Amino acid sequence: DDVDSAIESLEREGENIDGLRCEVEAILAIDGVAELFDSKWKVMNEAEIFDGKGRAYRPDRVMISKETKEVVVVDYKFGEYTDEAHVKYQRQVGSYVRLIGDMGYDAKGAILYASERKLFVL
C-alpha cells in the first residue's frame, strides 16, 4: 500500500527513480513476498536483539503479528545467489530466529534475494 508514497518521497528527495516502480512491483509479485508487507505486522527495521552474552545482532526486518506471538525475521540480499552464501545466510537468519524464539515467540525466518527474485522461508 505504501509503494506510491514511498516512491514519491524518494523522487522529492532528488533520487533517481527510473524503473524503481517496476522493480518493486516485480519483487512484490514473488510468491509469498506481498504477505511480508501486509499491515497485520508491526515492523522493526534493523532493530538490535541481544543474546545471553550481550552480543548484539541486527536483522534487516523483524515483523511481529499484531494478533498472535508470531514473528518473522527477514534478511534482504541484493547480490547474486550462490549456494555457499545461502548456507551462510541460513545460519545467520537461523541465529536470529533462535534468539527471538528464546524470548517466547513463535519465530520463523526468510531470506529475500531481491535481484534474483527469490524468497526462501526457513
Any residue at all in the stretch 41-58 that is assigned to a loop (DSSP other than H, G, I, E, B), touching a Leu at 6+ places or on another chain (Cβ under 9 Å) and surrounded by 12 or more Cβ atoms within 10 Å (Cβ to Cβ)? yes
Determine whether A110 is surrounded by 12 or more Cβ atoms within 10 Å (Cβ to Cβ), of a type outside the set (V, I, T) and either touching a residue at least 24 places away in the same chain (Cβ under 8 Å) or not in a helix (DSSP H, G or I) (or both). yes
Would the stretch 72-81 turn up any residue that is surrounded by 14 or more Cβ atoms within 10 Å (Cβ to Cβ), in contact (Cβ under 8 Å) with a residue 12 or more places away in the chain and touching a Pro at 6+ places or on another chain (Cβ under 7 Å)? yes
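Each value in this text was obtained by applying a stated rule to the coordinates, not by laboratory testing. Worth saying up front: this structure is predicted, and the values here are computed from it rather than measured. FYI the Cβ positions are ideal-geometry reconstructions off the backbone, even for glycines, and counts take in every protein chain you see.
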